[in-house]
1. Which value in Å does the Kirkwood hydrodynamic radius of the range 153-197 take, with 1/r averaged over all unlike C-alpha pairs and then inverted?
2. What is the percent carbon and sulfur in the accessible area of the range 58-192, measuring with a 1.4 Å probe over the protein chains and ignoring ligands?
3. Evaluate 2.2 N^0.38 Å with N set to the residue count of the chain, then give the Cα radius of gyration divided by it.
4. How many percent of DSSP beta bridges within the chain run antiparallel, rounded to 5?
5. Report ³J(HN,Hα) in whole Hz for each residue of the range 82-89, in order, from the Karplus equation J = 6.51 cos²θ - 1.76 cosθ + 1.60 where θ = phi - 60°; Gly and Pro get x.
6. Between GLY148, GLY66, GLY160, where does the largest GNM mean-square fluctuation fall for the chain, given springs only between Cα atoms within less than 10 Å?
7. Over all Cα pairs of the range 104-197, how is the pair count split among 5 Å bins, expressed in % and running from 0 up to the last occupied bin?
8. Place the peptides 118-125, 152-159 in order of packing, highest mean first, counting for every residue the other Cβ atoms within 10 Å and averaging per peptide.
Amino acid sequence: MRKQYKLLVASIITMMAITGCSHKISINPSLEKIRETTVENKLDINVGYYISKHNKKLKVTTPGGGGDKVEYMPYKDTESALNTILSKVFNRVYSLKSFNDKEYIESKSIKYIFTPKIKTNSSSDSAFTWPPTKFTVALTCEAVNLNGSKVWEETTYEEGNAEFDEFKENFSLSAQRATEKAFQSMLNKLKKSDSFK
């Protein structure tokens, strides 16, 4: 009896050791469809975007499958997508290190500054594989003028899904599908806006 108890305890400890791990994924979306999106009347306006140092280094952990978790850097992973959608609509796009760098902003003739906010979550319906089968993204973009007044803000909520046969070669697939939808949706909202004309 005592031997069986020890074996049970050992089994539980072993299971705890091999589950609950955090696996790194990348949520950077494919940019192919975004780049192919038609935008009529591209605006002859220069804009900037600001992502704080904290956000660029931010690591987020959300649930995966089998009791495990996934870890990623939402702002770093999607910065190229933000740059791409802004470049589709505006003449030139610049990354800003600070809102207060007035000399740089003036030298680049920047008229508006965009700031993204990203909230994510994930889950899996599998008890045996860790990659998420479902990934959700809430993407908010805000634009202010040089006086700091908000001129535009939109939020889009998107979901990406992937089954085992799909993600076995790309563990980040559900996340990348979600972020691709989110930035494509944000581009569609941005190109229809008359706030910058």
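1. One decimal place: 11.9 Å for the Kirkwood radius.
2. It is 45 percent, rounded to a whole number.
3. That works out to 1.29 for the chain.
4. Taking every DSSP beta bridge with both residues in the chain, the antiparallel ones total about 70 percent.
5. So the J values, rounded to whole Hz, are 4, 4, 5, 5, 5, 5, 5, 9.
6. Maximum among the listed residues: GLY148.
7. P(r) for the range 104-197, in whole percents per bin: 3, 13, 19, 16, 13, 11, 9, 7, 6, 3, 1.
8. Going by the mean number of other Cβ atoms within 10 Å, highest first, we get 118-125, 152-159.
The values are calculated or read from the model by the stated rules, or taken from the named source; none is laboratory data. These numbers come from a predicted model, not from an experiment. Every residue, glycine as well, gets a Cβ built from its backbone with ideal geometry; the counts of neighbours run over all protein chains shown. Keep in mind that these areas ignore ligands, DNA and RNA; they rest on the heavy atoms of the full protein, side chains included. Shrake-Rupley method; radii C 1.70, N 1.55, O 1.52, S 1.80 Å.
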